[in-house]
């Protein structure tokens, strides 16, 4: 195996091929993938029979098997390289017609130069930053946090939102903001706001302009963007087992809940925004492109 091949199953790309999809800290990102893959290879090489190995011995070296970064990178890189597969996933998730007035078909959305950014950092919207500074006492309850919020500085009280993946069509502004989950749940608090959840943050930055962030990020048009949650099928079938399942179902069935959790945004048609939220599974991605999720058994990818 070539030294720069990270892992043939969980990430069948070279380090250099992956490096292009990070905008900052490329070396540290690549080093993380390489260390994790090497630990996994060493573990497998020394244990031809894994039956009965205690979890405490396997958890660390086998992190790759449940690592969202590996699952996301492989699945999304394959979809960007295969626009027909990306179209299938989008139409399968949102319906045959995009919930975006600018486009009549998904083919129009993905026709052009598609860029994939992993761990994309999108700044917290200014409107939320201003709202939080004025409402921090109703957004938190711990004294030392409230004291810290009063420090006079240029800090925004919320850092950038790091989305797992961002697909941008640099020719027409279409984009997909991706939040991936394997076993973990979403975070439901930020330092100065105990009510700020991860889906709401993703929707918030989706609705915000990315002008000034440089290409390909600034090519994204907030009015031509959708949010895509990706998880294993078992959690789509049992959404009540995860907070993101409860929130996704509430946001899409009762759009006013988005207004509740994004109170700084006014004059927004939340019904239209709710239609731009979709939930697919790694199994559905593997159905249309098995190479996107090669760790998933073929029996799990049969068309329902």
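Key figures
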quantity	calculated
The stretch 96-185: Rg to Rh, with Rh as the Kirkwood radius over Cα pairs	1.13
Computed lengthening from residue 42 to residue 254, 0.36 nm per intervening residue step minus Cα-Cα distance	71.4 nm
Quotient of Cα Rg and 2.2 N^0.38 Å for the stretch 12-69, N being how many residues it contains	1.31
Separation of the residue 126 and residue 145 label points, Cα + 7 Å toward Cβ, nm	2.7 nm
5 Å binning of all Cα-Cα separations within the stretch 52-104, expressed as whole percents from 0 upward	4, 16, 15, 16, 13, 10, 8, 9, 5, 3, 2
Computed helical MRE - 222 nm, the chain, DSSP H runs ≥ 4 contributing -39500 (n - 2.57), nearest 500	-11500 deg cm²/dmol
Ellipsoid equivalent to the stretch 70-130 - semi-axes via the Cα gyration tensor, in Å	24, 19, 11
Computed over the stretch 1-123, the ratio Rg/Rh where both radii use C-alpha atoms and Rh is Kirkwood	1.07
Descending semi-axes in Å of the stretch 41-190, equivalent ellipsoid built from Cα gyration tensor	34, 31, 13
Rounded, prolate or oblate (a/c below 1.5 giving rounded, otherwise prolate when a/b exceeds b/c) for the stretch 122-164 by Cα gyration tensor	prolate
Rg ratio (alpha-carbon, reference 2.2 N^0.38 Å) - the stretch 93-301	1.06
Gained length - residue 82 relative to residue 243, 0.36 nm times residue gap less alpha-carbon distance	54.8 nm
Ordering of 266-272, 157-163, 183-189, 129-135 by burial proxy (mean other Cβ atoms within 10 Å per residue, highest first)	157-163, 129-135, 183-189, 266-272
Overall Cα dimensions of the stretch 249-301 - principal axes, largest extent first, Å	45, 15, 15
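No lab work stands behind these numbers, since they all come straight from the coordinates. Computed from a predicted structure; not experimentally measured. All Cβ positions, glycine included, derive from the backbone under ideal geometry; neighbour counts span all protein chains shown.
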